[in-house]
Amino acid sequence: MSLPIRLVLYVSIGIVAYFLITEHLVHLSGFLPYSFLIIFVLMHLFMHGGHGRDGSGNDGNSRESDRTDSTNKFTSRRENHARHE
């Protein structure tokens, strides 16, 4: 493709993109609050996938294991810091 044809193509794509964005932004801004609600619900459904359903035999009591994991992390950091002093 020659340079003038590319230039016309890029300018045309830019103009079309500008008008698509500006004209449709009005419609999308009205939908924005509802899209946040939908996003939050979907994030809750898909990101809370565990809760004991992974077959670990935890019976949904993941808070107990979280507490022991965080305690172990704190202890290991403290021990690591003591070794470097």
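What the table shows:
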quantity: Residue order for Leu28, Leu42 - accessible surface, 1.4 angstrom probe, largest first; calculated: Leu28, Leu42
quantity: Full-extension gain in nm, Ile39 to Ala17, via 0.36 nm per residue minus C-alpha separation; calculated: 5.3 nm
quantity: Inter-label distance, nm, simple model (7 Å from Cα along the C-beta direction), Arg6/Ser29; calculated: 3.7
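The values are calculated or read from the model by the stated rules, or taken from the named source; none is laboratory data. This is a predicted model, so every value here is computed, not measured. Heads up, the Cβs are rebuilt from the backbone with ideal geometry, glycines too, and the neighbour counts pull from every protein chain shown. Heavy atoms of the whole protein, side chains included, go into the accessibility calculation; ligands, DNA and RNA do not. Shrake-Rupley method; radii C 1.70, N 1.55, O 1.52, S 1.80 Å.
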